[in-house]
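Just so it is clear, none of the values below were taken in a lab; they were calculated from the coordinates. Fair warning: this is a prediction, and the values are worked out from it, not measured in the lab. In this analysis, Cβ positions are derived from the backbone assuming ideal geometry, glycine residues included, and neighbour counts consider all displayed protein chains.
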Protein chains: 4
Amino acid sequence: MKALFLNCTLKPSPQPSNTDALIRKAVRLFEQEQVACEVLRLADYNIKPGTSSDEGEGDEWPRVLAKIKACQILIIGAPVWVGHLSSWGQRYIERMDSVFHEEGLVDKATGQAFTYNKVGGVLITGNEDGAHASVEQLVWAMQEQGFSIPPNANSYWVGEAGPGPSYQEAGGERHLYTNKNVRYLVYNCLHLARVLAQHPYPTNLNQLNEDAKQESDPEKES
Amino acid sequence: MKALFLNCTLKPSPQPSNTDALIRKAVRLFEQEQVACEVLRLADYNIKPGTSSDEGEGDEWPRVLAKIKACQILIIGAPVWVGHLSSWGQRYIERMDSVFHEEGLVDKATGQAFTYNKVGGVLITGNEDGAHASVEQLVWAMQEQGFSIPPNANSYWVGEAGPGPSYQEAGGERHLYTNKNVRYLVYNCLHLARVLAQHPYPTNLNQLNEDAKQESDPEKES
Amino acid sequence: MKALFLNCTLKPSPQPSNTDALIRKAVRLFEQEQVACEVLRLADYNIKPGTSSDEGEGDEWPRVLAKIKACQILIIGAPVWVGHLSSWGQRYIERMDSVFHEEGLVDKATGQAFTYNKVGGVLITGNEDGAHASVEQLVWAMQEQGFSIPPNANSYWVGEAGPGPSYQEAGGERHLYTNKNVRYLVYNCLHLARVLAQHPYPTNLNQLNEDAKQESDPEKES
Amino acid sequence: MKALFLNCTLKPSPQPSNTDALIRKAVRLFEQEQVACEVLRLADYNIKPGTSSDEGEGDEWPRVLAKIKACQILIIGAPVWVGHLSSWGQRYIERMDSVFHEEGLVDKATGQAFTYNKVGGVLITGNEDGAHASVEQLVWAMQEQGFSIPPNANSYWVGEAGPGPSYQEAGGERHLYTNKNVRYLVYNCLHLARVLAQHPYPTNLNQLNEDAKQESDPEKES
């Protein structure tokens, strides 16, 4: 069982990242359960803007995508900026758009995206307000992409209204609510990933598509 | 296996509801798979504003809540109004806030909300733009509340920018994309509900809470 | 000069409302500048669900609408519930949808909604995360409806991640950031309202509509 | 009078951009009114991730920032990707975060950000759903940053639910609703910019800050 963490911080390594500090909590918990963990920052790669799986020369998204393919649990970590998911978080979503239109990312027989039977979760930090909006954008996008989302599949820390210290400086690592939720996230993701490994979705999307065509206008093929 | 559909249309019965028309598609598919379906409109009940499970005299939310407890699959249907989830959709979320703070809605032994091992999905209609935002708000809220979300757990129809005909008038019932997605929703929800019935989450949240306290500030009890 | 405050708390009077406590700060500031203020709670009225200006028997929205018509500055106050604008906030938006489709709410000569030359602002309280999302939904809706939005047209208070005390209990009334922003809101709204009273928008939307038709498909009349 | 258009398309020049096609409509209208227009794409610049006004060697945001300083009207154009504002749109917001914490971007005497008395608007295109969410994120952010927002300060085009042709291919340039709204945007921005040029906000934020401190906890300085 492998868990991959994509940190969408604006700061490349080795700059300290508050989101990384929260990610490390989840890593320790997963590792106690013999889950192999890998953490990477999108800002350390040359992730070109675009919506395909490979934006050509120099694009390093394919390396990230290969890691997503190889994991069973994907956790997106991201900071809040001005009330919203960081631009690297939205770039993750844009690059994953390829699962909706590239045949190579879909199983020929079933029509399932490669993400089916993988489990998703979210970790957010910010100095203030915007965590719910950020979790929301990611949880929903992952479900669209093909991931399954267990209950309480997120944990976050933000401070009170307005400017102020960030997660680590503010002592957020000792914030009970966040520490509870990171545990729910880890154990629920783990259970769901194990169950789906044994009982993968049998859904044949190709067949359902044919069925859907029966009750749809013939000229529109989307 | 039971599926409950909560329609968050602004219109009480027997007024025609576009969201209802989309819900009926899912009902037919579930019934083909021997899932017992019930559809209700929040607008037909006296659902008082508030965040508890019972807002006192005349409040009919307890009747709805009893039905949510009895289902394995909960599908929220809602219209888009001015780019957002209808006010009845947000009221559903507000009333379900009780799972976060009422002991009676949580299993004493495990600390799991009553929603654990239930599966959630979303159906949205609108004459125009706002479906993603509405799905997002509901999918994320359901995950917070304790539901599990399978891949492609939503279907929606909206028309192009600006005022225009709604789902039924516009022929949305013959829109291929929507017809495909309602099928993904139904079959993925069904599989996940069956799997979780056999393999419920073993997560003991009470124990995780104790563990979390070990690395948290003692004075903060949230 | 009149300022109207619509409090979208879930709690009818005389229950204490944290949002009301923040509203009272703005009221005091406006009154120092000889602006007449009125504060009301939607929860104290029978505001029926719907998107017209009058939903028939028993509907008390028309009384609220008359007050909106009579003010120069409209401030919407609302609590955050589960990361989002309260359902009463969304109901305000739904009921104001009438400005987009009811002739009686639009000036015949210019096509301007009755809201033109009025100024809008937002006040939000919540025990935790969701203020930006709530402000955003309202600021944007008000701009759609015809209000003008000055800089820093909002103030909010929320506590840190997770459950916890609300605005008043937490001492939010002494939170510097919120106290600064409520002042920016008041003085910027006041200036913009005065300027627009002297220099109303001359925009003739009817004429622009005719112009727009010249470069649009004739069959679509939206 | 100068209007600056920042196109947040993912595609660098000279690739065709649907958002650019909508921007050009606004440009033509502004130019008829003797407003000097400049259009640029963030994707054509090396805009480093970060939240300061200058992220160091190679960062070309300072060039964009200089243009923002020089305009009276700023229009952000952006595509929708998977229901949300493009990552370049969020990057604009992140880089403008500097107005909240860099002294050089604020007038010493009044405490006003350099954006005060400038006017903001938004143009969005997407093949489907997500325009409201994208407009909302930008309108609200601009108001936070110090811009004033006139009524109907946005125009957008999206197609119906699911994959499909984009703005130009779908004939969106002949879509009446979009063509009406781009006109409202232009003429309302123009009026408000003229009025604010003559009657700038007199608000002294420094003084209001001092006043706010009187009713706030002394130890918190945010």
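For the reader, a short list of remarks on this structure follows.
- Nearest-20 debye value, chain D charge dipole, Cβ charges on Lys, Arg, Asp, Glu: 1060 debye
- Note on D:Lys213/D:Ala109: beta-carbon distance plugged into 1/(1 + (r/R0)^6) with R0 of 22 Å gives a FRET efficiency of 0.75.
- The helix-based estimate of mean residue ellipticity at 222 nm for chain D, built from -39,500 (n - 2.57) per DSSP H run of four or more residues and divided by its residue count, is -12000 deg cm²/dmol to the nearest 500.
- By the rule of a C-alpha distance below 30 Å, with chain neighbours fewer than 8 residues away ignored, the lysines paired with A:Lys2 are A:Lys11, A:Lys25, A:Lys48, A:Lys67, A:Lys69, A:Lys108, A:Lys118, A:Lys180, B:Lys118, B:Lys213.
- Using the Stokes-Einstein relation with a Kirkwood hydrodynamic radius computed over Cα pairs, the translational diffusion coefficient of the range B:2-214 at 25 °C and a viscosity of 0.890 mPa s comes to 139 µm²/s.
- Across all directions, the average flat footprint of the convex hull enclosing the Cα atoms of the protein assembly as shown is 32.9 nm².
- Across identical copies of the chain, D:His101 has label-point separations of 3.2, 3.7, 4.5 nm, listed in ascending order, with the point defined 7 angstrom from Cα along Cα→Cβ.
- Couplings 3J(HN,Hα) for the range B:86-102, derived from phi with the Karplus relation 6.51 cos²θ - 1.76 cosθ + 1.60 (θ = phi - 60°), are 4, 4, 5, x, 5, 5, 3, 4, 4, 5, 6, 3, 4, 5, 8, 9, 10 Hz, where x marks Gly and Pro.
- The C-alpha atoms of chain C define a longest principal axis, and helix C:61-70 lies at about 80 degrees to it.
- Each copy carries a label point for D:Lys2 at 7 Å from Cα along the beta-carbon vector; from one copy to the others these points are 4.3, 5.1, 6.7 nm apart, nearest first.
- Legend: ranking of residues B:Ile23, D:Ile76 from fewest to most surrounding C-beta atoms inside 10 Å; resulting order B:Ile23, D:Ile76.
- Of all chain A C-beta atoms, the nearest to the rotation axis linking A with B is recorded, alongside its rounded Å distance, as A:Ile149, 2.
- Going from the fewest other Cβ atoms within 10 Å to the most, the residues B:Phe5, B:Phe114 appear in the order B:Phe114, B:Phe5.
- Pairwise centroid distance, computed over Cα atoms, of the range A:161-220 with the range A:117-135, Å: 11 Å
- Think of each Lys and Arg Cβ as +1 and each Asp and Glu Cβ as -1; about the Cα centre, that makes the dipole of the protein assembly as shown roughly 0 debye.
- With both labels modelled 7 Å from their Cα along Cα-to-Cβ, the C:Lys69 to C:Arg24 distance reads 3.2 nm.
- Listed values for the range A:179-185 are Karplus-derived 3J(HN,Hα) couplings in whole Hz (6.51 cos²θ - 1.76 cosθ + 1.60, θ = phi - 60°), namely 5, 5, 5, 5, 6, 4, 3, and x replaces Gly and Pro.
- Three principal axis lengths of the range A:1-99 [C-alpha, angstrom, descending]: 39, 32, 23
- Label point 7 Å beyond Cα along the C-beta direction, distances from D:Pro163 to other copies (nm, shortest first): 3.4, 4.6, 4.7
- Relative exposure of B:Leu192, A:Leu6, judged by other C-beta atoms within 10 Å (fewest first): A:Leu6, B:Leu192
- Along chain D, longest interval not containing exposed GluC sites (Glu not before Pro), exposed being DSSP loop plus at most 16 other Cβ atoms within 10 Å: D:103-168
- The H on the amide N of C:Cys37, modeled in the peptide plane, is under 5 Å from the matching H of C:Ala3, each at least 5 residues off or on a different chain.
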